[in-house]
1. Could you list, in sequence order, the residues of segment 82-110 that are within 13 Å of residue 38 (Cα to Cα) and aliphatic (A, V, I, L, M)?
2. In segment 25-47, is there at least one residue being surrounded by fewer than 16 Cβ atoms within 10 Å (Cβ to Cβ) and at pLDDT below 80?
3. Considering only residues that are in a loop (DSSP other than H, G, I, E, B), in contact (Cβ under 8 Å) with a residue 12 or more places away in the chain and surrounded by fewer than 16 Cβ atoms within 10 Å (Cβ to Cβ), which ones fall in segment 99-115?
4. How many residues does segment 62-73 contain that are near the ligand (Cβ under 7 Å from one of its atoms) and outside any helix (DSSP H, G or I)?
Amino acid sequence: MPVVRHRGRQPGTNKHEQQRALRPPQRSRAEEVILHRLRLGYLTLEELKDGFEERPCEHCPHMTPHPLTHYLLSCPATERLRQCVGPENAAALVRQFQKNLPLLLEVARAAPPPR
Ligand SMILES: [Zn+2]
């Protein structure tokens, strides 16, 4: 029976691996999830429940019926985001930060968005 010889694969020599090496540092799965959810403009778990009226922000004393909107547009914990783009609606703010994801992630790491 003939011996099948596998050609040894040289790591880092194919085009895909070379392209990967040129990319900026990989984000963790948890960070990807945060960014994805912010892009979607999700509702929090509590907002989905019947009879939800408002809840306290996790980062300031504010009570809010729209935790994500508060988080993006008026919470002191994310003030740095708004200083960069001025007053916007939440969707425009997140769209704007597609171009500056490192800052969005830095703020979201320090003060996680509502869940
Ligand atoms: Zn807040």
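The values are calculated or read from the model by the stated rules, or taken from the named source; none is laboratory data. As the structure is a prediction and not an experimental result, all values here were calculated from the model. Heads up, the Cβs are rebuilt from the backbone with ideal geometry, glycines too, and the neighbour counts pull from every protein chain shown.
1. 90, 91, 92, 93, 94, 101, 104, 105, 107, 108 - these are the residues of segment 82-110 that are within 13 Å of residue 38 (Cα to Cα) and aliphatic (A, V, I, L, M).
2. Checked against the condition, which is being surrounded by fewer than 16 Cβ atoms within 10 Å (Cβ to Cβ) and at pLDDT below 80, segment 25-47 yields at least one hit.
3. Listed by number, the residues that qualify are 100, 112, 115.
4. Here the count works out to 1.
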